[in-house]
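Working notes, beginning with the structure itself.
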Amino acid sequence: MSGTSLVTARERALAVLGGEPDDATLRRYLHGIAGVDAVGLEQRAAALGTRSIKTTSKRWALDRIISLIDLTTLEGADTPGKVRSLVAKAVNPDPADATTPRVAAVCVYGDMVPYAVDALGGAHGDPDDGLISVAAVATAFPSGRSSLEIKLADTAEAVEAGADEIDMVIDRGAFLAGRYGQVFDQIAAVKEACRRPDGTSASLKVILETGELVTYDNVRRASWLSILAGGDFIKTSTGKVQPAATLPVTLLMLEVVRDWHLMTGQRIGVKPAGGIRASKDAIKYLVTVAETAGEEWLQPHLFRFGASSLLNDVLLQRQKMTTGHYSGPDYVTID
Amino acid sequence: MSFLEYAPAPESRAILSLRDHYGLFIDGEFVDGRGTPFQTISPATEERIAEIANANEADVADAVAAARRAYDRTWSRMSGRDRGKYLFRIARLVQERARELAVAESLDNGKPIKESRDVDVPLVAAWFFYYAGWADKLDHAGLGANPRALGVAAQVIPWNFPLLMLAWKIAPALAAGNTVVLKPAETTPLSALIFAEILQQAELPPGVVNIITGAGDTGAALVSHEGVDKVAFTGSTAVGRAIAKQVAGTDKKVTLELGGKAANIVFDDAPIDQAIEGIVNGIFFNQGHVCCAGSRLLVQENIHDEVVERLKLRLSTLRLGDPLDKNTDIGAINSREQLERIRELSDVGVAEGAERWSAPCEIPENGFWYAPTIFTNVQTSSRIAREEIFGPVLSVLTFRTPGEAIAKANNTPYGLSAGIWTDKGSRILAVADQLRAGVVWANTFNRFDPSSPFGGYKESGYGREGGRHGLAAYLSPAPIGQAATRPSLAGPATTKPIESADAAPKRARRAATTKGSKR
């Protein structure tokens with residue numbers, strides 16, 4: 001898949017901002033966006049969480065959740081063997097049921113990309129074609145505390161090794177210090193580093209690490225900033241900081257991409273990551289996506305779950321719907 | 001398939017064990033009424049639910065007499081602590097039977113089950129819990145030591161929140177030591193009659209609460225009965241005015257909670273997404289059948305178009321349909337009569353030059369339905385900006401400055417509630433200070449809590465319900481000279497075991513046992 005081209009992104013940012021993306025201009029713009037009332041936002045998220053998804057709708061939702069998962073392993077202990085196991089699970093999530101859809105992507109550290117690409121073989125490609133993408137975390141993930149040169153090299157190496165998607169982290173320190181221009185420039189530079197020699201580009205997911213931004217106003221501003229700087233996706237969390245993805249934060253980010261779409265016609269993706277383990281919770285996210293951004297967002301280029309244990313819970317629910325019986329953890333595979 | 005066409009998720013009606021015929025609940029037992037019985041129907045399907053007894057003047061007299069007996073012999077002699085025990089018991093039983101009550105309420109009223117389940121019934125329990133705690137602390141209600149109950153309270157409630165309005169009326173009345181004759185609305189008697197069964201289950205002494213059903217003439221007979229010491233009414237301003245005339249010159253105390261045409265004021269610095277939710281919740285909650293509904297949207301002119309556009313997008317996602325489906329957002333209009341009134345006033349709006357926009361919803365064939373509707377280009381002189389529509393219809397007006405917003409908000413014969421949306425805390429305080437409305441919500445709307453007083457200015461009525469203030473409607477200060485000398489009836493000094501207060505509880509227990517065998 002190819003992301004937005006850098007030139008148009010920068011031009012559009014200039015047009016939207018009405019000036020160079022320096023600290024002052026960005027501050028004026030981001031602080032001019034309407035605030036978020038925390039109580040109201042959380043009430044709305046809770047209300048969406050009470051939708052009752054049954055029978056055929058549930059069946060559809062479970063399959064759709066699987067096809068939206070970035071199956072993830074991000075451990076210091078990751079090995080080529082672990083990645084091969086993860087890939088096998090991604091390709092064939094439920095060996096007992098061939099109708100089970102594949103996940104959208106596997107998500108690994110940059111140095112594991114070659115092993116993932118190798119293990120996928122012919123299954124490597126665009127999720128729209130029933131294939132599986134490789135996503136790599138980059139830019140000194142998870143803290144982002146490194147020089148720009150190293151972040152760019154990190155990104156370029158992963159893209160060169162065959163990554164289709166780059167999950168970068170923003171510099172939360174710079175954001176909280178009000179150096180919005182620096183955050184913008186880094187995202188724009190990483191976006192440039194996503195470009196391949198043939199002119200195509202890896203898709204860029206920008207991780208806000210909402211657990212470190214803390215306030216909903218910050219999350220909203222960081223979302224706008226990331227989109228203005230050229231991110232193709234905005235992602236909640238690294239999974240290394242608590243709280244990770246929550247429904248209110250995801251709702252808020254979906255409101256931003258909805259508003260961006262109304263304003264520019266461009267669709268930006270959203271990826272909640274970390275802490276979504278149960279099918280029941282994942283269904284609440286689908287409801288929130290459909291009722292906020294719209295149902296057309298429920299496709300792999302516009303919505304993803306960053307998760308590892310979620311897949312098995314969905315498979316158990318799926319088996320239950322098929323057979324009418326609950327089974328247990330020994331009836332789904334560990335990766 | 002479309003995911004958003006969620007598969008049906010209906011709440012089961014199997015939990016209800018309804019009778020085919022309901023009598024009047026007088027002196028702890030169900031008795032036949034002497035008027036012509038009437039049917040209660042489900043407004044969503046027009047299907048008959050049950051036959052309901054109709055109380056005539058003689059029945060009203062019986063109910064008032066039962067309440068007087070219970071007051072004289074039992075309830076006024078009981079300690080506050082023991083009254084509190086009964087109220088706690090009722091609250092717990094409401095919680096235990098919450099699902100049943102929610103299903104009955106949605107069936108009879110037409111409101112979505114998610115509202116009766118998540119709002120109405122939990123608040124009913126909260127109201128009884130709250131006032132249960134007050135029963136033995138009346139010395140601190142603000143009327144000095146040893147305040148006195150008034151006696152027999154006649155209470156007439158509307159159809160929009162049948163059970164919640166019952167709780168608002170009965171809980172403080174009983175806590176303060178009064179006995180009650182309550183008349184639910186003609187179109188929504190069901191949950192009150194199930195509540196009567198709960199009273200039997202709670203072994204409340206007979207006659208302390210009497211529930212009589214019937215139409216307006218039953219209510220009029222009750223209110224004008226000379227054995228009544230206190231009248232509490234929630235409903236339309238027209239009926240409220242008639243009641244005020246009727247009781248003028250008597251020594252009956254009156255509280256009236258009447259209509260409203262609340263302004264929901266949205267400033268240009270409002271948290272916009274939450275404001276949209278608040279506008280929706282303000283006027284489309286309970287199909288707009290809310291006396292404190294935010295039916296006049298006052299939006300700052302510079303964000304008018306954006307707000308209206310976002311509102312239309314949001315309204316397009318509302319789901320209208322079967323009230324018992326757990327995913328329904330907008331249920332049925334309570335009665336054909338009300339539907340006609342909403343239609344009539346909407347047509348007036350169009351004739352006056354306002355622009356009507358209705359959410360695209362499929363309207364079911366049977367039952368009474370009205371799609372969520374907003375009117376733009378509404379002027380302050382329009383009837384739809386002046387009169388209470390009591391339906392899912394929002395009138396959008398604009399303002400330029402805070403002063404203009406306040407002036408327009410106050411320019412109404414009503415004054416029940418108002419809403420303010422802004423990120424600026426100082427503005428919230430400054431504007432709220434100048435709004436003549438009993439309740440002002442800031443960055444939220446239609447939130448209720450038993451500890452918060454509720455009531456209106458001007459034609460929205462008088463008196464307050466809820467909180468410590470709500471007790472004042474059911475108490476009078478001790479006669480001069482007696483406050484300090486006579487021991488409080490509410491205090492623990494005269495506590496007697498519940499059973500010894502009267503022989504009557506035995507009968508209540510019997511009734512409860514009979515009922516118990518059915519469940």
Estimated 222 nm signal from helices in chain B, with DSSP H stretches of n ≥ 4 weighted -39500 (n - 2.57), rounded to 500: -11000 deg cm²/dmol
log10 of Debye I(q)/I(0), alpha-carbon scatterers only, for the protein assembly as shown at 0.05 Å⁻¹: -0.34
Projected label distance in nm at B:Q379 and A:D118, using a 7 Å step from Cα toward the beta-carbon: 7.9
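Mind counting lysine pairs for me in region A:176-335? Cα separation below 13 Å, and the two need to be 8 or more apart along the chain or on different chains. Mind showing how you got there, number by number?
On the way: A:K191/A:K205; A:K205/A:K235; A:K205/A:K271; A:K235/A:K271.
Close lysine pairs under the 13 Å cut-off: 4.
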Cα gyration tensor category, rounded, prolate or oblate, for chain A with a/c compared to 1.5: oblate
Whole-angstrom gap from region B:170-203 to region B:270-316, using each part's C-alpha centre: 35
Anisotropy class of region B:367-406 from Cα gyration tensor, a/c 1.5 cut: prolate
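Between B:R77 and B:R427, what is 0.36 nm times their sequence separation minus the Cα-Cα distance? Round to one decimal in nm.
Working: separation 350, 0.36 × 350 = 126.00 nm, distance 5.03 nm.
Residue separation times 0.36 nm, minus the Cα-Cα distance, leaves 121.0 nm.
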Separation of the B:R447 and A:E295 label points, Cα + 7 Å toward Cβ, nm: 3.4
Gyration tensor (alpha-carbon) shape descriptor, region A:9-56, a/c threshold 1.5: oblate
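Excluding A:Y115 itself, what net charge comes from residues whose Cβ is under 11 Å from its Cβ, given Lys and Arg +1 and Asp and Glu -1? Walk me through the intermediate numbers first.
Details: positive: A:K82, A:R84; negative: A:D78, A:D111, A:D118.
Local net charge: -1.
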Separation in nanometres of the label points that stand 7 Å from Cα toward Cβ, at A:E75 and A:Y331: 2.6
Residue (of A:L225, A:T210, A:V332) at the positive-pole extreme of region A:197-335, dipole from beta-carbon charges: A:V332
Computed Kirkwood radius, in angstrom, where 1/r is averaged over Cα pairs of chain B: 23.6
Among B:V231, A:Q182, B:G438 the positive-end extreme of the charge dipole of the protein assembly as shown (Cβ point charges): B:V231
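Work out the length of the dipole vector of chain B about its Cα centre, built from +1 on the beta-carbon of each Lys and Arg and -1 on the beta-carbon of each Asp and Glu, and round it to the nearest 20 debye. Walk me through the numbers before you get to the answer.
On the way: 58 positive and 60 negative charges, 409 e Å.
Computed charge dipole of chain B: roughly 1960 debye.
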Centroid-to-centroid separation of region A:119-137 and region A:285-301 [C-alpha atoms, Å]: 22
Magnitude of the charge dipole, region B:365-438, Cβ model with Lys/Arg +1 and Asp/Glu -1, debye to 20: 280
Projected area, mean over directions - region A:109-262, Cα convex hull, nm²: 9.4
Spatial separation of Cα centroids for region A:44-77 and region A:215-255, in angstrom: 18
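Rounded to the nearest 0.05, what FRET efficiency do B:N411 and B:E57 give with R0 = 51 Å and r taken as the Cβ-Cβ distance? Could you check?
Numbers: r = 42 Å, r/R0 = 0.83.
For B:N411 and B:E57, the calculated efficiency is 0.75.
For A:D23 and B:V350, what does the FRET efficiency come to when R0 = 41 Å and r is the distance between their Cβ atoms, rounded to the nearest 0.05? If you can, show how the numbers build up before the last one.
Values: r = 52 Å, r/R0 = 1.26.
The computed FRET efficiency comes out at 0.20.
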Options B:I26, A:S143, A:L120, ranked by Cα towards positive dipole end of the protein assembly as shown, top entry (Cβ charges): B:I26
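R0 = 56 Å: FRET efficiency of A:I150 with B:T401, Cβ-based, nearest 0.05? If you can, show how the numbers build up before the last one.
Working: r = 54 Å, r/R0 = 0.96.
Efficiency, rounded to the nearest 0.05: 0.55.
State the number of lysine pairs found in region B:176-321 whose Cα atoms come within less than 19 Å, restricting to pairs 8 or more positions apart or on distinct chains. Provide the component values of the computation, followed by the final result.
Details: B:K183/B:K230; B:K183/B:K252; B:K183/B:K253; B:K230/B:K245; B:K230/B:K252; B:K230/B:K253; B:K245/B:K253.
So the count of such lysine pairs works out to 7.
If you rank A:R172, B:R341 by fewest surrounding Cβ atoms within 10 Å, what's the result?
Working: A:R172 23, B:R341 17.
Ordered by Cβ neighbours within 10 Å, fewest first: B:R341, A:R172.
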Candidate aspartates and glutamates for bridging to B:K111, where Cα separation is under 12 Å - those fewer than 8 sequence places away on the same chain excluded: B:D120, B:D322, B:D325, B:D329
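Using a simple charge model, +1 on the beta-carbon of Lys and Arg, -1 on the beta-carbon of Asp and Glu, nothing else, what dipole does the protein assembly as shown show about its Cα centre, in debye to the nearest 20? Walk me through the numbers on the way to the answer.
Numbers: 93 positive and 101 negative charges, 632 e Å.
It works out to roughly 3040 debye.
Computed from the coordinates by the stated procedures, all read-outs in this text should not be read as laboratory data. Just so you know, these numbers come straight off a predicted model, no measurement behind them. All Cβ positions, even for glycine, are placed from backbone atoms using ideal geometry, and neighbour counts span all protein chains on display.
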